[in-house]
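Everything on this sheet refers to the single structure shown next.
The values are calculated or read from the model by the stated rules, or taken from the named source; none is laboratory data. Worth saying up front: this structure is predicted, and the values here are computed from it rather than measured. For neighbour counting, all protein chains shown are included, and Cβ atoms are generated from backbone atoms with ideal geometry for every residue, glycine included. Surface areas here come from the heavy atoms of the whole protein model, side chains and all, with no ligands, DNA or RNA. Shrake-Rupley method; radii C 1.70, N 1.55, O 1.52, S 1.80 Å.
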Amino acid sequence: MSLNYQATRFQCTWPWDMLVMLCDGRIVCGCADPLAKRVLGDAGTHSIEAIWRGTTLDQLRRDMNAGGADFCGDCPLKMPLGPDEMPAQRSLDVARHPGRMFIECTAACNISCHEAICAPETGITRTRQAGMLDFDLFRRVIDEVGPSLYRIDFFNYGEAFLHKRAVEMCEYIKAHHPHIYLYTSTNGGALSEAQARRLVHSGIDEVTFSIDGATPESYVQYRGRGKFDVTMRNLRVMVDEKRSSGRDLPYLNWRYILFKWNDSDEEMQRARTMAEEIGVDRLCWEITDHPEDAFSRRFVRGTPDFDRIRRETWDDSNLGNAIPGATPRADIALRHGLWQRLLHGETVRARTGQTTTVATSVTNRSTRPFAAQATYGRRLVRLGAQLRRADGTLINRDFARAHLPRTLNPADTLAVNIDLPPIEAGQYQLTFDLVNEGIDWFEACGSPTVTTSLVVS
């Protein structure tokens with residue numbers, strides 16, 4: 001596999017991180033390969049280990065370390081290198097399996113999105129050698145790689161829940177490998193009400209509904225042949241089933257792509273109101289630059305309107321939320337006896353070789369509770385201390401953690417003590433923030449942090 005040095009130099013982490021299985025069992029290199037141009041192997045005839053550690057991927061990794069590969073063709077996942085930038089040198093001695101996989105149940109879809117590559121009219125299903133993923137093949141792959149995976153993205157092209165056994169597949173993954181973070185994205189229209197309720201109990205961690213509009217008239221302009229009432233019913237059903245059964249999962253997102261016909265203040269406010277009334281966990285705006293005749297000019301990145309909603313957009317952070325007050329926000333204060341102070345100049349003193357306890361108070365400034373416990377240990381909220389050098393350079397983002405003593409409700413304050421592990425003598429900084437475990441730090445969505453000096457003697 002020769003490298004064309006006339007091509008743009010680039011790098012990519014996908015060959016070290018993850019694989020995508022198409023519905024016919026073939027394995028491709030990335031989620032941006034709708035027509036299966038970059039096939040690495042076939043899970044129907046080879047193990048995932050044989051493909052992951054095989055000659056095709058080995059050569060691809062070598063080429064990537066050299067600055068790019070002809071194999072990648074027009075893949076949009078490439079990360080361009082600057083004129084004098086050297087590609088990262090990653091090890092060619094990889095583990096037996098990837099840590100993450102995309103599973104495509106089918107490339108077929110029940111709707112036709114405006115100028116989308118996966119719309120039925122494009123002929124995408126003709127690029128697959130099977131219409132639906134064989135369940136036995138699916139089970140064989142999961143049995144092989146399940147112990148090694150930390151995440152499965154249960155979608156690719158097409159609508160996953162057109163597969164009659166899609167919910168059963170989710171159940172199989174979580175029953176046999178509960179440690180895997182299982183995520184799916186759906187248009188929501190292929191599920192029956194019974195399937196939607198069953199999916200809630202499958203163990204799936206997160207479900208995103210793509211609903212681009214707050215009225216049937218605007219929704220159908222992009223989601224051709226889509227049924228707004230069916231999609232909203234299924235979203236509402238999942239929220240109701242989750243609430244009535246007392247489950248904290250799945251986390252339910254409403255993702256709303258902004259187009260020129262659905263980006264008015266009135267319709268966006270209507271979506272906010274609906275999302276809050278239904279009880280979804282998160283509403284986020286998706287910013288796109290296509291199709292050319294449809295994308296929202298109002299919310300192009302860099303415009304004042306975009307800056308106003310940036311914290312509410314899908315790609316800004318994993319915690320931002322367009323539902324009023326739902327974006328996590330907290331105030332953290334150091335406590336001294338009965339007094340509380342929020343001071344960036346405060347100094348914490350510690351002795352070498354000893355654990356140091358720092359007393360803090362945490363106040364919830366959002367409209368959603370901060371969970372002290374959560375299924376599988378994900379999405380619970382803890383206080384974190386990040387260790388930095390005296391000049392602010394990060395040493396250890398996960399230096400210390402402290403559990404909340406109980407769920408912290410909106411406007412409430414809790415006393416939280418955090419134990420700092422022993423470190424060598426010197427002058428440091430500590431940054432205190434809350435973290436939604438497995439998801440993101442509150443700082444990522446604009447919540448204030450507190451930084452203090454740490455002197456260890």
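Side notes on the structure shown:
- Total residues in segment 103-152, condition of a type in the set (A, V, I, L, M) and part of a loop (DSSP other than H, G, I, E, B): 9
- In this entry, residue 193 is excluded by the filter for residues that are charged (D, E, K, R) and closer than 22 Å to residue 101 by Cα.
- Here residue 353 meets the list (1) surrounded by 12 or more Cβ atoms within 10 Å (Cβ to Cβ); (2) more than 25 Å from the chain's Cα centre (by Cα); (3) farther than 30 Å from residue 285 by Cα almost entirely, failing just condition (1).
- Residue 211, sole failed condition from (1) of a type outside the set (D, E, K, R); (2) in contact (Cβ under 8 Å) with a residue 12 or more places away in the chain; (3) open to solvent by 10 Å² or more (accessible area, probe 1.4 Å): (3)
- From 106, 125, residue being open to solvent by 60 Å² or more (accessible area, probe 1.4 Å), β-branched (Val, Ile, Thr) and in contact with a Gly (Cβ under 8 Å, 6 or more places away or on another chain): 125
- Residue match in segment 77-88 (condition: closer than 20 Å to residue 20 by Cα and either touching a helix residue (DSSP H, G or I) at 6+ places or on another chain (Cβ under 7 Å) or crowded, with 16+ Cβ neighbours inside 10 Å (or both)): yes
- Considering segment 363-387, the residues that are in contact (Cβ under 8 Å) with a residue 60 or more places away in the chain and open to solvent by less than 60 Å² (accessible area, probe 1.4 Å) include one that is nearest to residue 456 (Cα to Cα), namely 387.
- Looking only at segment 68-99, and only at residues there that are out of contact with any Asp or Glu (no Cβ under 6 Å at 6 or more places or on another chain) and charged (D, E, K, R), the one that is nearest to residue 49 (Cα to Cα): 93
- The residue that is most open to solvent (accessible area, probe 1.4 Å), counting only those in segment 247-262 that are under 16 Å from residue 311 (Cα atoms) and either out of contact with any Asp or Glu (no Cβ under 8 Å at 6 or more places or on another chain) or among the aliphatic types (A, V, I, L, M) (or both), is 257.
- Strands (runs of 3 or more DSSP E) enclosed by segment 262-362 - at least 2 residues per element that are touching a residue at least 24 places away in the same chain (Cβ under 8 Å): 282-286, 330-336, 347-350
- Screening residue 418 with (1) open to solvent by 60 Å² or more (accessible area, probe 1.4 Å); (2) under 12 Å from residue 332 (Cβ atoms) gives one miss only, at (1).
- Residue, nearest to residue 108 (Cα to Cα), within segment 132-161, restricted to residues that are more than 23 Å from the chain's Cα centre (by Cα) and open to solvent by 50 Å² or more (accessible area, probe 1.4 Å): 132
- Test: residue in segment 237-246 that is among the acidic types (Asp, Glu) and either surrounded by 15 or more Cβ atoms within 10 Å (Cβ to Cβ) or under 26 Å from residue 198 (Cα atoms) (or both): yes
- For segment 254-303, the tally of residues that are over 28 Å from residue 200 (Cβ atoms), under 24 Å from the mean Cα position of the chain (by Cα) and hydroxyl-bearing (Ser, Thr, Tyr) stands at 2.
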